[in-house]
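One structure is given below, encoded as structure tokens.
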Amino acid sequence: MPVSVLTGAGISTDSGIPDFRGPQGVWTKNPQAEANATIDRYVADPGVRRSAWRARLDSPAWSAHPNAAHLALVDLERAGLLRALITQNIDELHQRAGSAPGKVIELHGTMHRAECLSCDLITPMDEVLARVAAGEDDPPCPRCGGIQKSNTISFGQSLKPEVLDAARRAAQSCRVFVAVGTSLTVHPAAGLCGEALDAGASLVIVNAEPTPYDPFADRVINEPIGQALPTLVKELIDAAR
Ligand SMILES: NC(=O)c1ccc[n+]([C@@H]2O[C@H](COP(=O)([O-])OP(=O)(O)OC[C@H]3O[C@@H](n4cnc5c(N)ncnc54)[C@H](O)[C@@H]3O)[C@@H](O)[C@H]2O)c1
Ligand SMILES: [Zn+2]
């Protein structure tokens, strides 16, 4: 019974990384931050870039550890039931928890690398953040001098086609599609729920707040993920025995 899982920021809040749209979300508290999160604003405004580098340097993600929900998905994989773990998160906590890198599809990239917007050079984020900490408030690309940002998908940027294709195949080839900790408002990620349903999968949603896909789900679990996901994984493993 292959299971594909889509995770969002809500799976990492128990690890101390705030989500965007939950009650304590970064954008719920500061709507201006959402307006500044587009690629156009980032390229046009050095002030937006300076605050983005400061936020990256100060991110709680650098000291975060995987929580019980990340670990439950490792159990699901070790039971042989995981088709793919599609994540909108950029924190790499699934891999840190022990999910096989080959199973994890990072739809929105990773904050652990930086990229140059001019020459596409990819560098480890810690090297760039060391420059920020040393006083460069908007460190240019070491190769071409271009603007750098984290190797993540900003609003206004397209997902990598091969990554989205892999996610679509995983959504279309599972019996159960589980969406965890995502408001299901960011497309095309949210649309994977519809693609799984169209292909005949059942949809399970684990999220504290309602989502647009709740009416189509076979099961909606509005409970804290740290408890609800380990329980659900245990049920899936027991059902497969
Ligand atoms: N950890 C990260 O990597 C991280 C953090 C913030 C934002 N993001 C990015 O922001 C975008 C945000 O979209 P999204 O849908 O992933 O997040 P979102 O902020 O839109 O939604 C998160 C959802 O999780 C729910 N939630 C939070 N903590 C929960 C808990 N402990 N138990 C139950 N429900 C909980 C909230 O109610 C909310 O509906 C993503 O594309 C992602 O790239 C990533
Ligand atoms: Zn460059």
Practice problem: Net charge near THR110: determine it from the other residues with C-beta under 14 Å of the C-beta of THR110, scoring Lys and Arg +1 and Asp and Glu -1. | Solution: 0
Quiz item: In whole Å, what is the distance between the alpha-carbon centres of the range 170-241 and the range 91-124?
Solution: 23 Å
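Calculated from DSSP H runs of 4 or more alone, at -39500 (n - 2.57) each and per residue, what is the 222 nm mean residue ellipticity of the chain, nearest 500? Before the final figure, lay out the partial values.
Numbers: 10 runs with 88 residues, N = 241.
Theoretical 222 nm ellipticity from helices: -10000 deg cm²/dmol.
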Practice problem: Report the full-extension gain for the segment THR38 to ARG241: residue separation times 0.36 nm, less the Cα-Cα distance, to one decimal in nm. | Solution: 68.4 nm
Practice problem: Count the net charge of all other residues whose Cβ sits under 10 Å from the Cβ of SER150, scoring Lys and Arg as +1 and Asp and Glu as -1. | Solution: +2
Quiz prompt | Ratio of the Cα radius of gyration of the chain to 2.2 N^0.38 Å, where N counts its residues | solution = 1.03
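Taking the chain, how many lysine pairs are there with alpha carbons less than 29 Å apart, if each pair must be eight or more places apart or span two chains? List each step's numbers first, then the result.
Details: LYS29/LYS149; LYS103/LYS149; LYS103/LYS160; LYS103/LYS234; LYS149/LYS160.
Value for the chain: 5.
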Practice problem: Working from Cα positions, state the angle (0 to 90°, nearest 10) between the long axis of helix 46-57 and the longest principal axis of the chain. | Solution: 60 degrees
Quiz item: Does the range 15-60 come out rounded, prolate or oblate, given a ≥ b ≥ c as the square roots of the eigenvalues of its C-alpha gyration tensor, rounded meaning a/c under 1.5 and, failing that, prolate meaning a/b above b/c?
Solution: oblate
Practice problem: Could you list, by residue number, the cysteines of the chain that have no other cysteine's beta carbon within less than 4.7 Å of their beta carbon? | Solution: CYS174, CYS193
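Quick one: net charge of ALA84's neighbours, Cβ under 9 Å, K/R +1, D/E -1? Don't skip to the end; give the middle numbers.
On the way: positive: ARG83, LYS103, ARG169; negative: none.
Result for the neighbourhood of ALA84: +3.
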Practice problem: Could you calculate the contour length gain from ASP165 to LEU57, that is, 0.36 nm times the residue separation minus the distance between their Cα atoms, to one decimal place in nm? | Solution: 35.7 nm
Practice problem: Would you mind calculating the relative contact order of the chain from Cα pairs under 8 angstrom and at least 6 residues apart, reporting the percent as a whole number? | Solution: 24 percent
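Coordinate-derived values only; no laboratory data. For clarity, every value in this text was computed on a predicted model and none was experimentally measured. Quick reminder, even Gly has a Cβ in these numbers, built from the backbone with ideal geometry, and neighbours come from all protein chains shown.
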